[in-house]
Structures are given as C-alpha cells and as structure tokens.
C-alpha cells in the first residue's frame, strides 16, 4: 500500500499527458484512447504536429470546438466533438481498422488498469464499472508500432498498477512500449520495467514500494520535470 506522503508527490493528469506528448515525433500518425489519453492532443510541442486518427473514421482532426460551436456529426471514438484541419479525411469504419491492423499507426496512447512487466496490458473489465468491453483497443495495441500507456502509478486504494502479472482480462500481450505514470517514466525492455525518469522528490525505494514488480536501472535515471499545465 502507498503512504499518504508518497501520494502527495505526484503529477496531475494534465502533466502526465504533457510528458507523453513530448515523445511524439513530428508527422507521427497517432491514435488516442477514449478519455484521459485524449488530453495528450492539447500538449503538442511547438514546431511539431501529430496527425490524429480515430477509429470511427477521421484522420487529422483538430482541437475541440468552443462550447456552443460543436458540430455533432464530427465526433471522435469517445463521442467528443472535434474540429477538422485542412486536408482532413473521412473513411469507413472498416477502412479505419484496416489502417490500424495494417501497421499504419506510429503510436497508440491508452489508459490502463494494469501493466505487467512483460508488456501485457489490461485496460478493460467486465462488470458495472469501467469500460464495458475491450473495443478497438485490442486492435490498436498490436497494430500500432509503439504503445504508450498513461496512468496513475497506483489505484485509488494504493495498490500497484504496474505488476508482475495482470489479473484483469488482457487487452494485449507483450504490447506496451512505455508507461508514463503520475510518478515516473518506465520502459518495457525484454520483459522488465526499466526506469527512465522519476520525480526528484521521490526516492527510488519509495517508488519501488509503489510498484508491483522490480524496477531495473540501465544507466542514469533522469528527473521527471514537467511544467504547471
């Protein structure tokens, strides 16, 4: 379980989304999962522009419209209103999934209930809470060239979300490339969690106590530094 002091040292969801956005290269084709991952689109670095894809059939959509200016025929997979950039295109749902399954997306960014050290991802579950079915995520995690996960480091009950083995139904096997949490940036390398960045105010021992599998160090670990967004 996580101590109160450890939980007070954490990034906001906006800061996690900002950090993930910094690793999207200019011109990348990117799919953002429903909900929290959609925030990543707000924080593209100056001089870089991702081309965002949504499963329901839009490529190169733009920012959310101002309240009252929504066109509800223009929505993303999460049913949120979007705008279009010059050159944006529409296509059939089946064509959209052909893009995914054909390996034409550079990055998929998703939320998670659990991530295993092997790179297995669980981001859905049956029951009355949470996403009711796996949906297009199962295609995205094996069709995109890289899979980024953005998530809190622990659950509301203080249980680790980064674990040795997932206990929820799997979305995909050995598919996660990198995890951005409220406390750290961690790569999946040969079935291990490799720590790349952590909050300077959090000791390695405290971070390990919040993580359900060993954290490995390869070279130096950078400070996780983000702006107030």
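Applying the condition of being in a strand (DSSP E or B) and touching a residue at least 40 places away in the same chain (Cβ under 8 Å) to the range 5-58 and asking which residue is farthest from residue 101 (Cα to Cα) yields 32.
Of all the residues in the range 19-38, those that are out of contact with any strand residue (DSSP E or B) (no Cβ under 8 Å at 6 or more places or on another chain) and surrounded by fewer than 22 Cβ atoms within 10 Å (Cβ to Cβ) number 5.
Among 165, 161, 198, which is crowded, with 21+ Cβ neighbours inside 10 Å and over 16 Å from the mean Cα position of the chain (by Cα)?
Numbers: 165 fails: crowded, with 21+ Cβ neighbours inside 10 Å; 161 fails: over 16 Å from the mean Cα position of the chain (by Cα).
Exactly one residue qualifies, and that residue is 198.
Looking only at residues of the range 44-56 that are surrounded by fewer than 20 Cβ atoms within 10 Å (Cβ to Cβ) and modelled with pLDDT under 95, we find that the one that is nearest to residue 92 (Cα to Cα) is 56. Would you check if there is a residue in the range 134-145 being assigned to a loop (DSSP other than H, G, I, E, B) and under 22 Å from residue 193 (Cα atoms)? For the range 134-145, residues assigned to a loop (DSSP other than H, G, I, E, B) and under 22 Å from residue 193 (Cα atoms): present. Residues to consider are 222, 200; find the one that is over 23 Å from residue 138 (Cβ atoms), part of a loop (DSSP other than H, G, I, E, B) and touching a strand residue (DSSP E or B) at 6+ places or on another chain (Cβ under 7 Å). Sole residue among the options that is over 23 Å from residue 138 (Cβ atoms), part of a loop (DSSP other than H, G, I, E, B) and touching a strand residue (DSSP E or B) at 6+ places or on another chain (Cβ under 7 Å): 200.
Within the range 81-109, the set of residues being surrounded by fewer than 16 Cβ atoms within 10 Å (Cβ to Cβ) and part of a loop (DSSP other than H, G, I, E, B) comprises 83, 91, 92, 102, 103, 104.
Conditions (1) free of Cβ contacts under 8 Å to residues at least 60 places away in the same chain; (2) surrounded by 13 or more Cβ atoms within 10 Å (Cβ to Cβ); (3) closer than 23 Å to residue 43 by Cα; (4) touching a helix residue (DSSP H, G or I) at 6+ places or on another chain (Cβ under 6 Å), marked per residue:
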site: 179; (1), (2), (3), (4): no, yes, yes, no
site: 192; (1), (2), (3), (4): no, yes, no, no
site: 202; (1), (2), (3), (4): no, yes, no, no
site: 207; (1), (2), (3), (4): yes, yes, no, no
site: 221; (1), (2), (3), (4): yes, yes, no, no
site: 225; (1), (2), (3), (4): yes, no, yes, no
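The values are calculated or read from the model by the stated rules, or taken from the named source; none is laboratory data. Everything quoted here is computed from the prediction, not taken from an experiment. Cβ coordinates were reconstructed from backbone atoms using ideal geometry, including for glycine residues, and neighbour counts include every protein chain displayed.
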